[in-house]
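Worksheet for the structure shown next.
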Amino acid sequence: MASYLVTGSSRGLGLALITRLATLPRTEVATIIATARQDNSAQLKEIENASSGRVQIVKLDVTDESSVKEAVVAVERQLQGKGLDYLVNNAGVMDWSPTGLEGMDNLNDTLNINVTAPHRVSRAFLPLLRKGEKKTVINISTTLGSVAMADAFRSMPSPAYKISKAALNMLTVQYAQQYADDGFTFLAISPGWLRTKLGSDRADLPVEIGAEKVLDIIKKATPEQNGKYVNIHVPGWETREGPNQYDGKEIPW
């Protein structure tokens, strides 16, 4: 009976992850902490009200140190002495710069949300994760953060997003190396190009599929995978033409 905490749960992939987790049996998932900057999301409230206490909403602004500390206290109280098994650093932003680097005026803000915030949250929740059985931290990344695949995504005018996700990948490796001996598993997962506000209606996959496939990876994660950068697996997408294939394999750095 595992416990999960997901940041950025009010929309997109975060909301889809909470929705999916809430459908799993209590014997598999006991506690689901849905965090967001504002705790007044109607969709989250509906899921919480229908969950018989399993889903709990906690206000958490990942860019605010005091908000993170307050969230840790709230989560610790809700876990009632138990540890946290899974932390999913999902909250993030994506820039749009049609003129490329000349128009990239938000790099610091993007790095703060996509890199510094996962560090801030992971560090704050380490004591609760140490008490958990799974000790697993998931950083939601993207193949756009792969330096090896940069040429395939050259036309995508989101330089700050690409840079920040490459940095997030290195952050994942640093955590993986430091906490390997403590039994932790840190993974960077690319959820695919999903039909969300961030991904647009032109994206490859429904967000529900992305959430399902991400959770498939999370549930099977072991310390032997610590520090890996992995892709989701969607049957039929293993050899598709174009830059996006969802083959379930490790992604080149």
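The values are calculated or read from the model by the stated rules, or taken from the named source; none is laboratory data. Treat the numbers as computed from the prediction; the structure is a model and nothing was measured. Positions of Cβ are generated from backbone atoms using ideal geometry, with glycine treated the same way; all protein chains shown enter the neighbour counts. Note: accessible area is taken over every heavy atom of the protein model, side chains too, but ligands, DNA and RNA are not part of it. Shrake-Rupley method; radii C 1.70, N 1.55, O 1.52, S 1.80 Å.
Couplings 3J(HN,Hα) for segment 120-130, derived from phi with the Karplus relation 6.51 cos²θ - 1.76 cosθ + 1.60 (θ = phi - 60°), are 4, 6, 4, 4, 5, 8, 4, x, 6, 5, 4 Hz, where x marks Gly and Pro.
A Gaussian network model of the chain, with springs between Cα atoms under 10 Å, assigns the largest mean-square fluctuation among 187, 171, 17 to 171.
Mean residue ellipticity at 222 nm, helices only, the chain: -11000 deg cm²/dmol; runs of at least 4 DSSP H residues each add -39,500 (n - 2.57), and the sum is divided by the number of residues.
With the Cα gyration tensor of the chain giving a ≥ b ≥ c as the square roots of its eigenvalues, does the rule (a/c under 1.5 for rounded; else a/b larger than b/c for prolate; else oblate) give rounded, prolate or oblate? Rounded.
Ligands, DNA and RNA are left out, and with a 1.4 angstrom probe the accessible area of the chain is 48 Å² per residue.
Reducing segment 133-209 and segment 78-129 to their Cα centroids gives an inter-centroid distance of 11 Å. Mind checking which of 202, 20, 123 has the largest fluctuation in a GNM of the chain, springs on alpha carbons under 10 Å? Greatest mean-square fluctuation among the candidates belongs to 202. Taking 181, 64, 204 and ordering them by how much accessible surface each has at a 1.4 Å probe, largest first, produces 181, 64, 204. About its Cα centre, the dipole of the chain is roughly 500 debye, where the only charges are +1 on Lys and Arg Cβ and -1 on Asp and Glu Cβ.
Of all lysines in the structure, the ones whose alpha carbon falls short of 26 Å from that of residue 134, not counting any fewer than 8 places away in one chain, are 59, 69, 82, 165, 213, 219, 220, 228, 249.
The coefficient of translational diffusion for segment 126-184, derived via Stokes-Einstein from the alpha carbon Kirkwood radius under 37 °C and 0.692 mPa s, stands at 252 µm²/s. Note on the chain: dipole from Cβ charges, positive end direction compared against 199, 98, 60; the farthest Cα belongs to 60. Rolling a 1.4 Å probe over the protein chains gives residue 208 an accessible area of about 120 Å². Derived scalar couplings between HN and Hα for segment 201-206 equal 6, 7, 5, 5, 10, x Hz in order, rounded to whole Hz, by the Karplus curve 6.51 cos²θ - 1.76 cosθ + 1.60 (θ = phi - 60°), x for Gly and Pro.
Computed with every protein chain present, the accessible area of residue 13 is close to 20 Å² [probe 1.4 Å]. In order along segment 49-56, the Karplus-derived 3J(HN,Hα) couplings, from 6.51 cos²θ - 1.76 cosθ + 1.60 at θ = phi - 60°, round to 5, 8, 9, 6, x, 6, 9, 10 Hz, and Gly and Pro are given as x. Here the chain exposes an accessible surface that is 49 percent carbon and sulfur, computed with a 1.4 Å probe and the other protein chains kept in place.
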